[in-house]
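For reference, the structure is listed below as structure tokens.
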Amino acid sequence: MSEDGMTDLQEEELDRADLIHSEGGHVLSLMDATIKFGGLTAVNKVSFDLSRGDLFGLIGPNGAGKTTCFNLITGVYKPTSGEILFHGKSVAGMKPNQIAHLGICRTFQNIRLFGALSSLENVVVGGFLRHKTPLLSSLLLMPSAVTETAELREKAMHLLEVMNLADDAHTRSRDLPYGKQRRLEIARAMATDPSLILLDEPAAGMNPQEKEELSTTVRRIRDEFNKTVLLIEHDMRFVMGLCEKIVVLDHGEEIAAGGPDEVRNDPKVIEAYLGEAV
Amino acid sequence: MDLFSPHLLAESGINFSTLPSQLVNGLLLGSIYALIALGYTMVYGVLRLINFAHGEVFMLGAYTSLFVAWKQGFGQGVSPDQMPQGSWGLLIGMMIISMLVCAIIGVIIEFVAYRPMRNQSRIAALITAIGISLLLQYGGQLFLPAEPPPSISEKVLPDSIQGSYTMNLKKAPPQLVADLDAAKTKLQEIKDRLVERTTAMGISEFGLPDDDPDRVAKLETQDLVNRLNPQVEEQSIAIIVPKGQLVMFGTVVMLMGILWWLVMFTKTGRAMRAAAHDFESASLMGINVNRVVVITFIIGSALAGAGAMMNAVFIRTPLTPFYGFMPGVKAFVAAVLGGIGNIPGAVLGGLVMGIAESLIVWVGYSEYKDAIAFVILIVVLMFRPGGLLGSSKVEKV
Amino acid sequence: MASVTADSPVKPGAFWGTRLLSIVLALAFCFGIGAMEGSIPPFAFRILVLAGLYVTLSVSLNLINGITGQFSIGHAAFYQVGAYVTGFLTINYFDGQPLTAIPWLVIMMIAGAAGAGIVGLMVGLPSLRLRGDYLAIVTLGFGEIISIVTRNQKALGGSYGMQIEPKIQAPWLVWLLAIICIAVCRNLIKTAHGLPFLAVREDEVASSAMGVNTTKTKVTAFVIGSAFAGAAGALYGHFESFITPDMFKMEVSFIILTMVVIGGTGSITGSTLAALFLFGLPEWLRTLKGADGNALQIPAPQVIAALFGVVVFVACARWVRDRYHEKGMKLAGAYGSAVGIAVVASLLFRPLAALIPSMAETSWEINSLRMVIFAVTLVVVMLLRPEGVLGHHEFSWAWLRSLFNKKNKEVQA
Ligand SMILES: Nc1ncnc2c1ncn2[C@@H]1O[C@H](COP(=O)(O)OP(=O)(O)O)[C@@H](O)[C@H]1O
Ligand SMILES: [Mg+2]
């Protein structure tokens, strides 16, 4: 009861390898994904596909259902109807932690760091899901557990460097400034070694210069770390400059999809954003 | 195995003729739980805090009533014949004073312990509540009379509500009743005769020879009565309720009516509902949430005070400083059972709790009657965490 | 002091040396405790043993409450399960088996841990769906159910109690258990394996998004925590040799909870020190004698005045905390003044308290103030420092070294 057996883990690892190496198919496919909260249909028959290496944008006015889409993909909510495939395998109805093991990880719009833990520890939590030593060896402080801890910390430190947070490694994450918290969330998600990473409004609350840096980082994540990226963002310039494909949601419905230029000139999109500054 | 064979039922202590009476008892007890549960549910609704000290407010209310009664000449040392006449005025006075004292205590607790914790984590606030509850219990042990546990004399009731009210649901067959009556009369006659004879002879009954016809007849008739009595009891169904408890029930219903009106039809009530719905937004919309919280504590604690007074006077459980703990926990379970934050739910939950408890007693497991509350709680939380009338909300991420 | 794990990870190098030294020291300490028997008064020795049990209880509850953030307030129930399970086994099976007393006690300790662990699993499972305050009530309820059931089981002695024969006392084992409990919890949070536990405490949604199986983590914490309490119960039962349901009342749960909360939720050092202090203080108070040689009596007005002083202190200290923005000595001075004002207020209030009818002649035995002291401490700590005295900090050698280094630097400068 107290420990995940090695066999479980190895199986999972195999599953994951199978999934990722199943070439050709889409990384993620939403097929008519729908969820209702009582009378409110927050996401209504949304369908789109992500291919490997995509830098994909999900936009729409406030309350359009973007975050809810993320919640469906990561298993926080179960879709009322429709399918969600990850590398061709259905993940609808799976637990969030199972989905994370398969290789989807996310950040949160309303930052959800482990406030009392240091930046480094936050990232180690992310990396922990690939751990191998059993709990007992940690409780007895066996050398294997000590070595593994050191390794995880080293990897985490590396990610912090990538996200330019190395100086704050030992700061409580609660005490970090807002922009750094957002970057730390990305580092933590990266630590789970996902093949698909979901970023929920990563640039919110950042100044133009920080946004510029973030753009570069997101590209790096895709190019150097070979991740597929799906991101939600309100800043149109940011999205249009970064994403190659975009889906637009409004009132839970998909109203447009395509490249940045296509979407920008779509009358429905303009209408949906009327009243909001585009 | 035949589970319902009369033999087994009798062995397990189940007796259907007492069921209606027990159900009514449960309902009456449940009405008190409901009254306390309202306080929990209202505070939880507004502050999302389990007011652990609510049971202690209840306890202090009961002691207040006790002290008022003592002051009015119903003290412990006073013999019943020297006590003054009970009256409605006294009862109403006890209730109002108890409600007032409880309201004040509730507000003090809110002010010194809960308000400073408003911005802290919910767990920190809960720990504070537990601390206050312990402080009142063990502090009460120092200051309040507890050995032997005092209780309020029955004499405080006015004559018109002394004694109990019997309602016959089903009478035993007339023949049987007549037989029993005849046997009883005969027994009395024989006893009288025996007394007459023995006093004349200056000896006790046992001075007579064993085969004296009167003594033999007495034993036989006694046997007959003993045989008929349970038969009559089993075949007749009656509900016996102390009259006071009927008054209590009426009062509870009235108080709930007033609360309903307060919450649904007054401006304050609307503010309370708004704060319960969304505390932050309510305060942004210009509702004085501090005032709402204080009023919530006043109402909740006053209801507990009324419940405490009635529990002490009409149900007459002896008082100790720990007297509020179990009713408090049960009322909390009632609130959760009905759906915490939901006012009709608290009433329903309270009644269900009371009835469940008396059913446990009825089937002969009275020693487990305090455990049943927790069993219900665990089952509800596992299968319907939102309670009977509430809905469980999914956390927004 | 160091924050939880980050700044003092275990280093793979110099590992076995430190380790061996720690183990030897621990064993020597336990042996030392055992050797004290007979050389200190029996009541002092008894307190020493019970303190060890409370350390185990408080540190193990801290694993559930402080480290994993699952608010359990029924820890005495697991303690009780351990005591009763092993009491039952010893009564029925000790005779006629080949083991001598001490090995048998070790086995009983394991059995108690297993029994309580299973019960912990049963409590942990429903708790998965519950958060915070609901869980608190459910754990309280489980405790009560266990207590009520015990009271009504003839085989367990009912409410009268159970006589455990033979009585097996092994004080060194009590302290060994405490040290093992501390070591296990400390190892957990010193290695990466502890982080999921802390993450669950901080944010369940985020931790499951990071792949943490929150269910398993919570249940694991419950099982380990209650197993340690069960082991402690086994030792307690055999030490006292007569157990009654009253020895595991809700009161005991609240005492353990107070220790964890005051020590600092999540801080093992805090739980340990708080257990020693909160257990020791009332026991020490109990030994105080009045002028007449009987237990010390405290006049009621004095108690009331002291309570008043506490209220004044809390008000002043909160003011300092929230409004006074100086640091260092000035801040210390401000808190010092708060204490001073409180003492003066208390002294001034005393004659007033004596005016309360019937209070002037009343006095209480110090022992009856025990729970009041706990309750007041609990509330005061919450109002002034909700994270507990030590917060999330831990004692570590590195911290001690850094203190010395700082001193050295100051000396050089
Ligand atoms: N758990 C929930 N319960 C009820 N309604 C929800 C829940 N989660 C989201 N919603 C609703 O779904 C709609 C879409 O929300 P969201 O996905 O957060 O929008 P956004 O596109 O701004 O991220 C909103 O109206 C929101 O109130
Ligand atoms: Mg959103």
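Count of the range A:77-95 residues, restricted to those that are within 16 Å of ligand 2 (Cβ to nearest atom) and within 12 Å of A:Leu198 (Cβ to Cβ), is 0.
Looking across the range A:211-226 at every residue that is closer than 18 Å to A:Phe108 by Cβ and without any contact (Cβ under 8 Å) to a residue 40 or more places away in the chain, the one that is farthest from ligand 2 (Cβ to nearest atom) is identified as A:Ile221. Checked against (1) at pLDDT 90 or above; (2) open to solvent by 40 Å² or more (accessible area, probe 1.4 Å), B:Gly328 passes all but condition (2).
In the range B:365-397, of all residues being in contact (Cβ under 8 Å) with a residue 40 or more places away in the chain, part of a loop (DSSP other than H, G, I, E, B) and within 12 Å of another protein chain (Cβ to nearest Cβ), the one that is surrounded by the most Cβ atoms within 10 Å (Cβ to Cβ) corresponds to B:Gly387. Determine, yes or no, whether C:Leu105 is assigned by TED's automatic domain parsing to the domain that holds C:Leu188, open to solvent by 10 Å² or more (accessible area, probe 1.4 Å) and either under 27 Å from the mean Cα position of the chain (by Cα) or not aromatic (Phe, Trp, Tyr) (or both). Spelling it out, it is not the case that C:Leu105 is assigned by TED's automatic domain parsing to the domain that holds C:Leu188, open to solvent by 10 Å² or more (accessible area, probe 1.4 Å) and either under 27 Å from the mean Cα position of the chain (by Cα) or not aromatic (Phe, Trp, Tyr) (or both). Cβ-Cβ contacts under 8 Å between residues 6 or more apart (or on different chains), taken from a first residue in the range B:190-203 that is more than 15 Å from B:Gln222 (Cα to Cα) to a second residue that is in a helix (DSSP H, G or I) and among the small types (Gly, Ala, Ser), are listed as B:Thr198/B:Gly207; B:Met201/B:Gly207. Filtering the range A:49-76 to residues that are within 16 Å of ligand 2 (Cβ to nearest atom), open to solvent by 20 Å² or more (accessible area, probe 1.4 Å) and assigned to a loop (DSSP other than H, G, I, E, B) leaves A:Asn62, A:Gly63, A:Val76. Beta carbons closer than 6 Å, at least 6 apart along the sequence or on distinct chains, never pair a first residue in the range B:78-102 that is on the phi < 0 side of the Ramachandran plot with a second that is open to solvent by 40 Å² or more (accessible area, probe 1.4 Å) and among the hydroxyl-bearing types (Ser, Thr, Tyr). For the range A:12-31, a residue qualifies if it is modelled with pLDDT of 55 or more, charged (D, E, K, R) and either within 16 Å of ligand 2 (Cβ to nearest atom) or loosely packed, with under 13 Cβ neighbours inside 10 Å (or both), and exactly one does: A:Asp18. Using the structure shown, decide if C:Arg323 is out of contact with any strand residue (DSSP E or B) (no Cβ under 9 Å at 6 or more places or on another chain), at pLDDT 90 or above and surrounded by fewer than 17 Cβ atoms within 10 Å (Cβ to Cβ). In short, no.
Residues that are away from chain C (no Cβ under 14 Å) and at pLDDT 90 or above do not occur anywhere in the range B:108-128. If we scan the range C:341-356, do we find a residue that is within 14 Å of chain B (Cβ to nearest Cβ) and open to solvent by 40 Å² or more (accessible area, probe 1.4 Å)? Among the residues of the range C:341-356, at least one is within 14 Å of chain B (Cβ to nearest Cβ) and open to solvent by 40 Å² or more (accessible area, probe 1.4 Å), which makes the answer yes. If the condition is being among the hydroxyl-bearing types (Ser, Thr, Tyr) and either assigned to a loop (DSSP other than H, G, I, E, B) or buried (at least 18 other Cβ atoms within 10 Å of the Cβ) (or both), then the range A:185-216 contributes A:Thr192, A:Ser195. Evaluated against (1) modelled with pLDDT under 90; (2) touching an Asp or Glu at 6+ places or on another chain (Cβ under 9 Å); (3) assigned to a helix (DSSP H, G or I), B:Val43 falls short on exactly one condition, (1).
Would you call C:Gly211 more than 12 Å from the chain's Cα centre (by Cα) and either in a loop (DSSP other than H, G, I, E, B) or of a type in the set (S, T, N, Q) (or both)? The answer is yes for C:Gly211. If you take the residues in the range C:230-265 that are part of a loop (DSSP other than H, G, I, E, B) and within 12 Å of chain B (Cβ to nearest Cβ), which one is farthest from B:Ile127 (Cα to Cα)? This residue is C:Lys249.
Among residues of the range C:5-30 that are of a type outside the set (S, T, N, Q), those with a beta-carbon under 8 Å from a residue that is modelled with pLDDT under 75 at least six positions away or on a different chain give the pairs C:Asp7/C:Ala398.
Tallying residues that are aromatic (Phe, Trp, Tyr) and either without any contact (Cβ under 8 Å) to a residue 12 or more places away in the chain or surrounded by fewer than 19 Cβ atoms within 10 Å (Cβ to Cβ) (or both) within the range B:271-313 yields 0.
Among the residues making up the range C:188-202, those that are open to solvent by 10 Å² or more (accessible area, probe 1.4 Å) and touching a Gly at 6+ places or on another chain (Cβ under 8 Å) are C:Arg201, C:Glu202.
The residues on offer are A:Ile270, A:Ile255, and the sole one that is in contact with a strand residue (DSSP E or B) (Cβ under 9 Å, 6 or more places away or on another chain) and away from ligand 2 (no atom under 16 Å from the Cβ) is A:Ile255. Among all positions in the range B:86-107, there is no residue which is within 12 Å of chain C (Cβ to nearest Cβ), under 24 Å from C:Ile304 (Cα atoms) and of a type outside the set (Ser, Thr, Tyr).
Condition check for B:Leu337 on (1) surrounded by fewer than 20 Cβ atoms within 10 Å (Cβ to Cβ); (2) more than 16 Å from ligand 1 (Cβ to nearest atom); (3) within 13 Å of chain C (Cβ to nearest Cβ); (4) not charged (D, E, K, R): one failure, at (1).
The values are calculated or read from the model by the stated rules, or taken from the named source; none is laboratory data. Being a predicted model, the structure only gives us computed values, none of them experimental. Counting neighbours? That spans all protein chains shown, and the Cβs are built from the backbone with ideal geometry, glycine included. Side chains included, ligands, DNA and RNA excluded: accessible areas come from the protein's heavy atoms. Shrake-Rupley method; radii C 1.70, N 1.55, O 1.52, S 1.80 Å.
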